[in-house]
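Presented below is the structure to which this report refers.
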Amino acid sequence: MKIDNPEPFDINTLSSCLENHFSFNYQTRGASKLPVLALYAIYQRLIIEVERYKSCILKPLGSHTASDLTSGSAGDIEIFDKNKQLVEVIEIKHGKYIDLQILRIAKDKIIKFNPRRYYILSSFDVKPTEVELIMSEIQTIKNNHGCQIITNGIIPTIKYYLRLISSPEEFVNSYSHLIEIDSELQTIHKLKWNEILSNLISPIEQI
């Protein structure tokens, strides 16, 4: 579905729509890619609108089903500067706590790919029993490798970035397009997004 009227999409409403889309019980594989597509759609706007990203290049999305060993990438989303140096990585863990194992995998990627910032975003939080160990390891990685690791929730991060972009309409259309063309999603994921938007706006173009 494509829209041409941004009025229904204040940040809280849009965030609720996205959370509903991510967390619905689909009873099939593929939903873990939805927040990846949403963040990618946001970065498509950031590299156009936000000064910090304007000279950056957003690497095309790879397969979300490939393992860390075979993907050949530093994370789900990668941003390079004009000199083709990796500046920012976003790794998204849908339905998982951020734990030491996830952090150790991130550390290995930081050593290999040398990004400046590495975001680990989760629909949960940092694993409560490992908070101190994780914070200590994050500081050690920064001291030893110069990379800042940021852990945060998926929805809080999306809310923050939505404040930085001027057009929620463009974001929604970008996200809808990514959903439409993605071969790893199931039909139900696409129909659910249409349903969510249909509750707010009149459909103009169906996926």
(request) Quick one: in the stretch 102-116, of everything that is of a type in the set (V, I, T) and in contact with a helix residue (DSSP H, G or I) (Cβ under 7 Å, 6 or more places away or on another chain), which residue is surrounded by the most Cβ atoms within 10 Å (Cβ to Cβ)? (result) I110
(message) Could you check the stretch 14-44 and list, in sequence order, the residues that are surrounded by 14 or more Cβ atoms within 10 Å (Cβ to Cβ) and either free of Cβ contacts under 8 Å to residues at least 40 places away in the same chain or under 21 Å from R116 (Cβ atoms) (or both)?
(response) V36, L39, Y40, I42, Y43, Q44
(message) I need every pair where a residue in the stretch 69-90 that is more than 17 Å from I48 (Cβ to Cβ) has its Cβ under 7 Å from the Cβ of a residue that is at pLDDT 95 or above and among the basic types (K, R), sequence separation at least 6 or different chains.
(response) A74/K109; G75/K109; E78/K59
(request) Within the stretch 125-181, count every residue that is exposed (fewer than 14 other Cβ atoms within 10 Å of the Cβ), of a type in the set (V, I, T) and part of a helix (DSSP H, G or I). (result) 4
(message) What's the total number of residues in the stretch 127-163 that are without any contact (Cβ under 8 Å) to a residue 40 or more places away in the chain, out of contact with any Phe, Trp or Tyr (no Cβ under 7 Å at 6 or more places or on another chain) and hydrophobic (A, V, I, L, M, F, W, C)?
(response) 6
(message) Just checking, does the stretch 50-68 include any residue being out of contact with any Cys (no Cβ under 6 Å at 6 or more places or on another chain) and buried (at least 21 other Cβ atoms within 10 Å of the Cβ)?
(response) no
(message) Condition check: assigned to a helix (DSSP H, G or I) and of a type in the set (D, E). Does E184 satisfy that?
(response) no
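The values are calculated or read from the model by the stated rules, or taken from the named source; none is laboratory data. Since the structure is predicted, the reported quantities are computational estimates derived from the model, not experimental observations. Please note: Cβ atoms are built from the backbone with ideal geometry, for glycine as well, and neighbour counts cover all protein chains shown.
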